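*Asks:* Please find one structure pasted underneath; my questions will follow.
The values are calculated or read from the model by the stated rules, or taken from the named source; none is laboratory data. Predicted, not measured: the structure shown is a model, and the values here were computed from it. As a convention, Cβ positions derive from the backbone with ideal geometry for all residues, glycine included, and neighbour counts pool all protein chains shown. When the accessible area is computed, the model is the full protein with side chains, heavy atoms only, and any ligands, DNA or RNA have been set aside. Shrake-Rupley method; radii C 1.70, N 1.55, O 1.52, S 1.80 Å.
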Amino acid sequence: MQITSNFDGGNILVRDIADPGDAHLEIRRDNNSDFYQWFYFRASGVRDTPLALHIDNAGSSSYPPGWKDYRAVASYDRELWFRVPTDYDGKRLTIRHTPEHDSVWYAYFAPYSHERHQDLVAACQTSPRCRHELLGATLDGRDLDLLVIGEPAADKRVCWIVARQHPGETMAEWLMEGLLERLLDDEDPVARQLLARAVFYCVPNMNPDGAFRGNLRTNAAGANLNREWQEPTRERSPEVYYVRKRMEQTGVDFCLDVHGDEALPYNFIAGPDGVASVTRRVLDLQDEYERLLMRSSPDFQLEHGYDAVAPGAANMTMCTTFVADRFGCLSMTLEQPFKDTADSPHELVGWSPERCRKLGRANLDALYGVLDRLR
Ligand SMILES: [Zn+2]
């Protein structure tokens with residue numbers, strides 16, 4: 001058996017794989033940082049071989065509760081990512097699988113490659129409703145892409161949707177793909193109404209460097225971008241610096257920051273409840289948005305999520321809280337699971353790219369329901 005990870009998004013350290021039935025691996029830390037949880041590697045020469053792949057350092061990863069009731073994803077064709085038996089003993093994570101083909105890819109969640117990102121941007125910009133803007137360069141010299149959908153006008157609502165500040169949360173960009181596809185469908189009645197009254201600024205991948213490097217949470221400088229919103233700099237967090245600067249030019253009436261959560265097996269929203277300046281009007285809008293989203297997608301729910309933050313106690317370095325305070329608007333973090341949705345599980349794929357895409361589409365229904373009251 002060979003195990004390799006020298007590709008876009010790859011992450012694994014090979015310790016001892018002499019015995020495929022008792023192979024020892026570790027997850028590599030994000031560069032310049034102690035975070036780790038994302039893994040993505042290829043096993044070759046494994047057809048009909050019963051594998052037991054131990055990730056020995058899982059117990060001291062960034063979010064150990066993330067391994068409880070978790071199943072890794074695998075793919076032979078890199079299109080269909082299916083779940084494989086995985087167990088966790090409190091210290092190490094073990095993937096048990098007997099591949100049907102010579103090589104197989106394993107990952108924490110279905111990967112979203114830089115090539116696919118570029119294909120998405122390219123496909124969107126050919127729509128007459130979409131303009132592409134290059135916001136700037138990342139520290140590794142990658143493009144930070146912004147898609148502007150609809151014609152800006154003074155009376156239109158300004159909606160910002162950003163994804164994947166945390167690069168290992170690939171479900172965020174899968175969701176973005178579905179959302180963009182619907183928004184650009186000129187035969188979709190909700191998209192048409194939204195674009196008649198709003199303009200969208202979408203960043204499908206806030207952290208292309210971390211994504212390519214196979215990081216869980218940080219960019220090339222080791223910065224956690226969702227802790228950089230108060231004082232972003234070009235040296236440490238240019239991704240946030242450029243997006244914030246563009247937000248100042250457009251203003252913001254609605255902001256959705258899309259993430260994934262390691263531990264909770266649910267889709268849920270975290271709002272700006274701890275922000276001192278937040279108004280009852282905004283909190284009511286958030287309630288209504290969540291209710292509408294649940295009605296549009298049974299994969300979304302209201303019961304499980306983060307504990308509410310006491311007024312004034314919010315961490316103001318995050319996108320959601322910073323934007324809520326700076327622009328006084330509805331600003332939310334949407335979290336999706338790495339595991340599956342416990343209340344609507346899917347045995348074969350768990351929470352999957354297609355389910356992410358559909359939740360992205362459903363978000364436009366919810367937004368449509370609150371659009372006129374955003375300002
Ligand atoms: Zn996140």
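*Asks:* With an 8 Å cut-off on Cα pairs and a minimum separation of 6 or more residues, tell me the relative contact order of the chain in percent.
*Replies:* 18 percent
*Asks:* Would you mind pulling out the separation of the Cα centroids of the stretch 104-136 and the stretch 198-218, in Å?
*Replies:* A separation of 10 Å, based on Cα centres.
*Asks:* Which value, in debye to the nearest 20, describes the size of the charge dipole of the stretch 153-222 about its Cα centre when Lys and Arg Cβ atoms bear +1, Asp and Glu Cβ atoms bear -1, and nothing else is charged?
*Replies:* 320 debye
*Asks:* Sort the stretch 272-333 into rounded, prolate or oblate with this rule: let a ≥ b ≥ c be the square roots of the eigenvalues of the Cα gyration tensor; rounded if a/c is under 1.5, and if a/c is not under 1.5, prolate when a/b is larger than b/c, oblate otherwise.
*Replies:* prolate
*Asks:* Multiplying the sequence separation of Asp185 and Ser60 by 0.36 nm and subtracting their Cα-Cα distance, what value in nm do you get?
*Replies:* Separation in residues times 0.36 nm, less the Cα-Cα distance, equals 40.5 nm.
*Asks:* May I pose another question? Test of understanding: what is the full-extension gain from Asp155 to Ser277, defined as 0.36 nm times their sequence separation minus their Cα-Cα distance?
*Replies:* Going from the current span to full extension adds 41.5 nm.
*Asks:* In the chain, which whole DSSP H runs stretch at least 20 Å along their own axis (Cα) and average -1.0 or higher on the Kyte-Doolittle scale?
*Replies:* TM-like helix candidates: 280-296, 353-370.
*Asks:* Mind checking the dipole of the stretch 2-107: about its Cα centre, +1 per Lys or Arg Cβ, -1 per Asp or Glu Cβ, Debye to the nearest 20?
*Replies:* That gives a dipole near 200 debye.
*Asks:* May I pose another question? Does anything in the stretch 291-323 have its amide N under 15 Å from the 7 Å Cα→Cβ label point of Asp343, and if so which residues?
*Replies:* From the stretch 291-323, the list is 291-306.
*Asks:* Leu134 to Ala313: FRET efficiency via 1/(1 + (r/R0)^6), r the Cβ-Cβ distance, R0 41 Å, to the nearest 0.05?
*Replies:* The value I calculate is 0.65.
*Asks:* Placing +1 on the Cβ of each Lys and Arg and -1 on the Cβ of each Asp and Glu in the stretch 2-107, which of Tyr70, Ile3, Phe41 has its Cα farthest towards the positive end of the resulting dipole?
*Replies:* Positive-most Cα among the choices belongs to Tyr70.
*Asks:* On the accessible surface of the chain, probed at 1.4 Å, how many percent belong to carbon and sulfur atoms?
*Replies:* On the chain, the fraction of accessible area on carbon and sulfur atoms equals 47 percent.
*Asks:* In addition: How much length is gained on full extension from Glu100 to Thr126, taking 0.36 nm per residue of separation minus their Cα-Cα distance?
*Replies:* Here the answer is 5.4 nm.
*Asks:* While we're on this one: Scan the chain and report its longest stretch carrying no GluC sites (Glu not before Pro) that are both in a DSSP loop and have at most 16 other Cβ atoms within 10 Å.
*Replies:* 101-186
*Asks:* Work out the charge dipole of the chain with +1 on the Cβ of Lys and Arg and -1 on the Cβ of Asp and Glu about the Cα centre, then indicate which of Ile95, Gly168, Leu374 is farthest towards its positive end.
*Replies:* Leu374
*Asks:* Let me ask something else about it. Roughly how many whole Å is it from the C-alpha centroid of the stretch 317-375 to that of the stretch 21-59?
*Replies:* Taking the Cα centre of each part, the stretch 317-375 and the stretch 21-59 sit 30 Å apart.
*Asks:* Provide the packing ranking of 207-213, 188-194, i.e. peptides ordered by the mean count of other C-beta atoms within 10 Å per residue, highest first.
*Replies:* 207-213, 188-194
*Asks:* Assigning unit charges at the beta carbon (Lys, Arg +1; Asp, Glu -1) and nothing else, what dipole magnitude in debye, to the nearest 20, does the chain show about its Cα centre?
*Replies:* Approximately 680 debye in magnitude.
*Asks:* Taking +1 at the Cβ of each Lys and Arg and -1 at the Cβ of each Asp and Glu, which of Asn363, Pro311, His54 sits farthest along the dipole of the chain towards its positive end, judged by Cα position relative to the Cα centre?
*Replies:* The residue sitting farthest along the positive end of the dipole is Pro311.
*Asks:* Over the stretch 2-107, with the other protein chains present, what is the accessible area per residue in square angstrom, probe 1.4 angstrom?
*Replies:* 46 Å²
*Asks:* Rounded, prolate or oblate for the stretch 114-373? Axes are the square roots of the Cα gyration tensor eigenvalues, ordered a ≥ b ≥ c, and the cut-off for rounded is a/c under 1.5.
*Replies:* Judged from the Cα gyration tensor, the stretch 114-373 comes out rounded (a/c under 1.5).
*Asks:* Dividing the convex hull volume of the Cα atoms of the stretch 26-117 by its residue count, what figure in Å³ per residue is obtained?
*Replies:* Normalising the Cα hull of the stretch 26-117 by residue number yields 106 Å³.
*Asks:* So, one more: Quick check for the chain: number of Lys pairs with alpha-carbon distance under 27 Å, counting only pairs 8 or more apart or on different chains?
*Replies:* Here the count comes out as 7.
*Asks:* Just the accessible area for His304, please: 1.4 Å probe, Å², rounded to the nearest 10?
*Replies:* Using a 1.4 Å probe on the heavy atoms, I get roughly 70 Å².
*Asks:* Of all beta bridges DSSP finds with both residues in the stretch 114-373, what is the antiparallel percent, to the nearest 5?
*Replies:* Given both bridge residues lie in the stretch 114-373, the antiparallel proportion sits at roughly 40 percent.
*Asks:* In the full protein assembly as shown, how much of Tyr76 is accessible to a 1.4 Å probe, in Å² to the nearest 10?
*Replies:* 60 Å²
*Asks:* If you build a Gaussian network model of the chain, linking Cα atoms that sit under 10 Å apart, which residue out of Leu283, Leu25, Leu134 swings the most?
*Replies:* Most flexible of the set in this elastic network: Leu134.
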